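What follows is a set of notes on a single structure, which appears directly below.
Bear in mind that the values in this text are calculations on the coordinates, not laboratory data. None of these values were measured; they are calculated from a predicted model. Here the Cβ positions follow ideal geometry from the backbone for every residue, glycine too, while neighbour counts run over all protein chains shown.
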Amino acid sequence: MIKARGLFNNLYQPVEIEVDPQTNNVAYHAKSYSANDLHWGVPTNATVYGTALNYKGELEKMGDLLHNDPYKAPPKAPILYIKPLNTFTPHQSNIPLPSDVKELQTGAALGIVLKKTAAHVNASSAFEYIQGFTIVNDISIPHESVHRPAVKQKARDGFCPIGPWVVEADQLPNADNLEVKVYVNNELKQTNSTENLIRNIGTLIEDVTEFMTLFKGDVLLVGTPENPPLLKEGDQVQVEIEGIGKLENSVVAE
Amino acid sequence: MKRARVAVGGAIHEAYEHEGKVRLTDGRLFSEEEVEWLPPVQPQTVFALGLNYADHAKELSFSAPKEPLVFLKGPNTFIGHNASTKRPEEATNMHYECELGVIIGKTAKNVKKEDAYEYVAGYTVANDYAIRDYLENYYRPNLRVKNRDTCTPIGPWFVDQSDIKDPMNLSLKTIVNGQVTQEGTTKDMIFSIPDLIEYLSHFMTLNPNDVILTGTPEGLEKVNAGDEVVTEIEGIGALKNYIISDKQFQNS
């Protein structure tokens with residue numbers, strides 16, 4: 001069991017818990033539970049920033065497109081976007097499938113949860129600013145182009161499952177090398193690792209906080225791997241990140 | 001009514017406009033210069049519009065969009081009236097954007113155009129600075145251009161919706177060091193306030209204190225350290241801001 005913080009049942013703020021990332025079991029006040037026995041809340045209410053094209057495989061897939069219109073050149077700075085408050089939803093909640101859409105795209109992301117205000121941070125000291133790590137499923141309506149902000153594709157209600165909990169940073173010394181897996185209806189559909197990031201955690205925090213302050217509780221997603229599994233109505237999706245646990249949600253017609 | 005959030009005597013207060021002065025809820029009266037102005041709302045989700053005035057789209061050599069070009073902003077970027085915005089030393093192309101801000105008053109989902117104003121609590125002025133040196137063609141306008149610390153002054157006032165008869169017919173202007181450099185009218189928006197509320201609430205829920213920054217007309221000029229920039233909208237207010245070099249900002 002490792003140390004984490006979670007918000008569940010009638011609690012009004014996250015509390016210290018112990019979790020087993022492999023079984024998704026939770027210990028609280030000397031009692032143990034299966035994660036699915038508890039009614040989870042979203043463990044943060046601050047800003048969630050996503051990072052696009054930060055997996056090497058994702059950028060490689062773009063290939064020559066990076067040099068053509070409308071992109072013209074490969075990206076220099078981190079490509080960021082915001083998942084607003086209406087998208088936040090907890091472990092085991094339903095993800096609404098809009099009526100005019102057939103499929104949704106999974107976005108298996110390691111979420112860095114900020115411990116304190118972070119501005120002009122050096123990569124070498126970035127971990128001092130991290131409270132812990134969580135799992136985020138950055139849901140989108142599938143879209144090819146990353147030319148214009150994808151608010152309509154990414155900011156729908158319930159499109160950002162977060163949780164179940166935040167594992168304390170000191171419990172995850174190898175955050176730059178964590179296996180990320182996606183299961184759809186219990187079938188393994190995607191495997192990748194945070195070792196395949198273009199900007200690792202420290203560098204990403206340095207390059208983001210160079211122009212943008214992050215605050216306590218903000219969540220910075222490290223990116224989503226290439227070839228994201230698609231989801232249709234009725235599917236159950238599980239994002240598993242090594243050392244954190246499993247985040248599970250179902251797709252339900254809006 | 002015109003409302004504000006200000007800091008006085010070590011505390012944050014709700015305040016009201018009173019005969020050109022700032023009145024706190026406890027009755028104390030201050031001049032505009034005696035208070036520290038905060039953003040008039042604590043913004044929740046903030047939407048901004050690119051290319052929402054036909055003349056501005058043309059100015060940037062774009063054809064007018066068929067669908068609103070929406071992007072989002074984080075809380076780090078907002079500052080109040082009379083504050084300073086930092087300008088990187090290396091930047092060659094930083095410009096202001098005078099914009100009408102629409103503050104949402106209640107939860108809005110699937111709102112029809114004709115009902116849109118029922119969901120508006122009020123209006124404010126924003127200056128949505130852009131530093132075009134950092135433009136890249138990924139999720140453009142990217143956050144490095146549009147979501148920098150201190151780069152979105154907002155305020156001074158939150159003007160009640162009922163006080164503005166026709167928000168789609170207000171003149172806007174920007175005054176840099178006393179010279180008018182940008183003039184326009186909200187009449188020229190491509191997507192009006194009701195259009196935008198219908199569009200956004202059709203695919204997502206809007207919440208109280210969400211803010212929509214509705215875009216800027218033509219007339220963009222570069223700004224430099226030391227400039228005083230006032231963005232003003234008829235009936236809403238005049239938002240003053242100072243440009244400061246990042247070096248000076250860091251030492252101030």
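Annotations
- Projecting the Cα atoms of B:Val35, A:Val136, A:Asn200 onto the charge dipole of the protein assembly as shown, computed from C-beta unit charges around the Cα centre, puts A:Val136 farthest toward the positive end.
- Counting only other chain Cβ atoms within 10 Å of each residue's Cβ, the peptide B:149-158 averages 1.
- Maximal additional length on extending the B:Ala64-B:Asp166 stretch stands at 34.3 nm, based on 0.36 nm per residue less the C-alpha distance.
- Taken about its Cα centre, the stretch B:106-212 carries a charge dipole of about 280 debye when Lys and Arg each add +1 at the Cβ and Asp and Glu each add -1 at the Cβ.
- The sum of -39500 (n - 2.57) across all DSSP H runs of n ≥ 4, divided by the residue count of chain B, sets its helix-only mean residue ellipticity at 222 nm to -2500 deg cm²/dmol.
- For a paramagnetic label modelled on A:Asn9 (point 7 Å from Cα along Cα→Cβ), amide N atoms under 12 Å away belong, within the stretch A:29-49, to A:29-34, A:37-40.
- Leading residue at positive end of dipole, the protein assembly as shown (Cβ point charges), from A:Gln22, A:Leu38, B:Pro88: A:Leu38
- Among B:Pro167, B:Gly215, B:Val46 - extreme Cα towards positive end, dipole of the stretch B:41-251, charges at beta-carbon: B:Val46
- Of A:Lys102, B:Lys86, the sequence from fewest to most neighbouring Cβ atoms within 10 angstrom is A:Lys102, B:Lys86.
- Spin-label model, B:Glu19 to B:Gln42: label points 7 Å out along the Cα-to-beta-carbon direction sit 3.3 nm apart.
- Of B:Met168, B:Met1, the sequence from fewest to most neighbouring Cβ atoms within 10 angstrom is B:Met1, B:Met168.
- Around A:Met62: net Lys/Arg minus Asp/Glu count, Cβ-Cβ under 14 Å: -4
- Estimated purely from DSSP H runs of n ≥ 4, each contributing -39500 (n - 2.57), the mean residue ellipticity at 222 nm for chain A is -2000 deg cm²/dmol once divided by its residues.
- Distance in nm between pseudo-label sites at A:Glu144 and A:Leu188 (7 Å out along the Cβ direction from Cα): 3.2
- Extension gain for A:Asn25-A:Glu179 works out to 53.5 nm (0.36 nm per residue, less the C-alpha to C-alpha distance).
- Charge dipole (Cα centre; +1 on Lys/Arg Cβ, -1 on Asp/Glu Cβ; no other charges) of the stretch A:96-173 amounts to roughly 240 debye.
- Cα-based reach from B:Lys2 at 21 Å (exclusive), listing lysines while leaving out same-chain residues under 8 positions away: B:Lys21, B:Lys106, B:Lys165, B:Lys173, B:Lys240
- Only the Cβ atoms of Lys and Arg (+1) and of Asp and Glu (-1) were treated as charged; on that basis the dipole of the stretch A:187-251 about its Cα centre amounts to roughly 80 debye.
- Efficiency of FRET from Cβ geometry, B:Glu118 and A:Lys216, R₀ 30 Å, rounded to 0.05: 0.25
- Counted charge near B:Asn224, where neighbours are those whose Cβ lies closer than 12 Å (Asp, Glu -1; Lys, Arg +1): -2
- Model label points for A:Asn68 and B:Thr92, set 7 angstrom from Cα along the Cα-to-Cβ axis, are 3.0 nm apart.
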